[in-house]
1. Would you mind finding the one in B:119, B:74 that is of a type in the set (D, E, K, R), open to solvent by 50 Å² or more (accessible area, probe 1.4 Å), touching a residue at least 12 places away in the same chain (Cβ under 8 Å) and closer than 30 Å to residue B:34 by Cβ?
2. Within the stretch B:71-84, track down each residue that is at the interface with another protein chain (Cβ under 7 Å from one of its Cβ atoms) and among the small types (Gly, Ala, Ser).
3. Would you pick out the residues in the stretch B:85-101 that are closer than 17 Å to residue A:73 by Cβ and open to solvent by 10 Å² or more (accessible area, probe 1.4 Å)?
4. How many residues, within the stretch A:46-90, are of a type in the set (S, T, N, Q), modelled with pLDDT under 95 and assigned to a loop (DSSP other than H, G, I, E, B)?
5. If you take the residues in the stretch B:26-70 that are facing chain A (nearest Cβ under 8 Å), modelled with pLDDT under 85 and over 30 Å from residue B:144 (Cβ atoms), which one is farthest from the chain's Cα centre (by Cα)?
6. Tell me which residues, restricted to the stretch A:19-45, are in a helix (DSSP H, G or I) and either at pLDDT 90 or above or among the basic types (Lys, Arg) (or both).
7. Filter the stretch B:38-64 down to residues that are without any contact (Cβ under 8 Å) to a residue 24 or more places away in the chain and outside any loop (DSSP other than H, G, I, E, B) and give me whichever is most open to solvent (accessible area, probe 1.4 Å).
Amino acid sequence: MNPALIAAIIKYIQLAIAAAPEIQKAVEWAKNFIGDLFSAKVISIEQQNALFSHVDALGTVFKAGQALPSHWTVEPNPTTTTTVVTSTTP
Amino acid sequence: MKKLAQFILPLFLFVVLIAGVGGCHTNKLAGGGAYTSLVTNTVSGVVTTNTDLAFFVTDSAFTGLQGTIDGVFKYEQDNRAALWSISPNIKLSLDAIRPTASEIVVRYLALREIYKVSKTPGNLTPLQTALGDIKPVAAKIVLIIPNKGQ
């Protein structure tokens, strides 16, 4: 893997997090993990356990026969309301 | 919306990259972590650490992909009225793929429970298959909003 490409992606992800903080949690794993995996560092016990727990938690949310988070389901379409103005002549 | 689009594609690229790495680095997991296990040689008594890097990389890739999809779905829900006024096809296109994405995520997590109980190659393969199934779904999802559902 090209280290320069990895570094560029890390930087882009960091910029994107700053631009769209609502998705920061979704990419936090990517940001923290990528540098360690592609460097000489070893993935620590804490990092492993945190990832394992994170996916375990997803397993309690996404379960067959259980209601999914609403944004993963098909919800009714937005309704557009048309205001009808009537006038009555006296 | 533009910022979200600019972010999603590189993130997806990254996840695909790391998903392809698995197995290239054999001693990257610290012993004692959730993706390692201790094995005692019954003859010599020597204790060694087994690392399940394939499982770690699979879970990492899944987390990235699921998180990416989750981010797009949530963004659409949070900005539904505005996105609908731009193009109803955004929601409609995401709605067409929501059941598929949900099914694969549920499947991955169920297969993961099986693998956790019995960590065999035969149980890891379906997990990696599910991961492979979610990649094209995520690839499709990340382009829906930037392409206005077309």
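The values are calculated or read from the model by the stated rules, or taken from the named source; none is laboratory data. None of the values given here were measured: they were computed from a predicted structure. As a convention, Cβ positions derive from the backbone with ideal geometry for all residues, glycine included, and neighbour counts pool all protein chains shown. Just so you know, the surface numbers come from the protein's heavy atoms only, side chains and all, with ligands and any DNA or RNA stripped out. Shrake-Rupley method; radii C 1.70, N 1.55, O 1.52, S 1.80 Å.
1. Working: B:74 fails: touching a residue at least 12 places away in the same chain (Cβ under 8 Å).
Testing whether each residue is of a type in the set (D, E, K, R), open to solvent by 50 Å² or more (accessible area, probe 1.4 Å), touching a residue at least 12 places away in the same chain (Cβ under 8 Å) and closer than 30 Å to residue B:34 by Cβ leaves just B:119.
2. Those that are at the interface with another protein chain (Cβ under 7 Å from one of its Cβ atoms) and among the small types (Gly, Ala, Ser): B:71, B:81.
3. Restricting attention to the stretch B:85-101, the residues satisfying the condition of being closer than 17 Å to residue A:73 by Cβ are B:90-101.
Result: B:92, B:93, B:95, B:96, B:97, B:99, B:100.
4. Adding up the residues that qualify gives 10.
5. Once the filter is applied, the top-ranked residue is B:27.
6. Scanning the stretch A:19-45 gives A:25, A:31, A:45.
7. B:38
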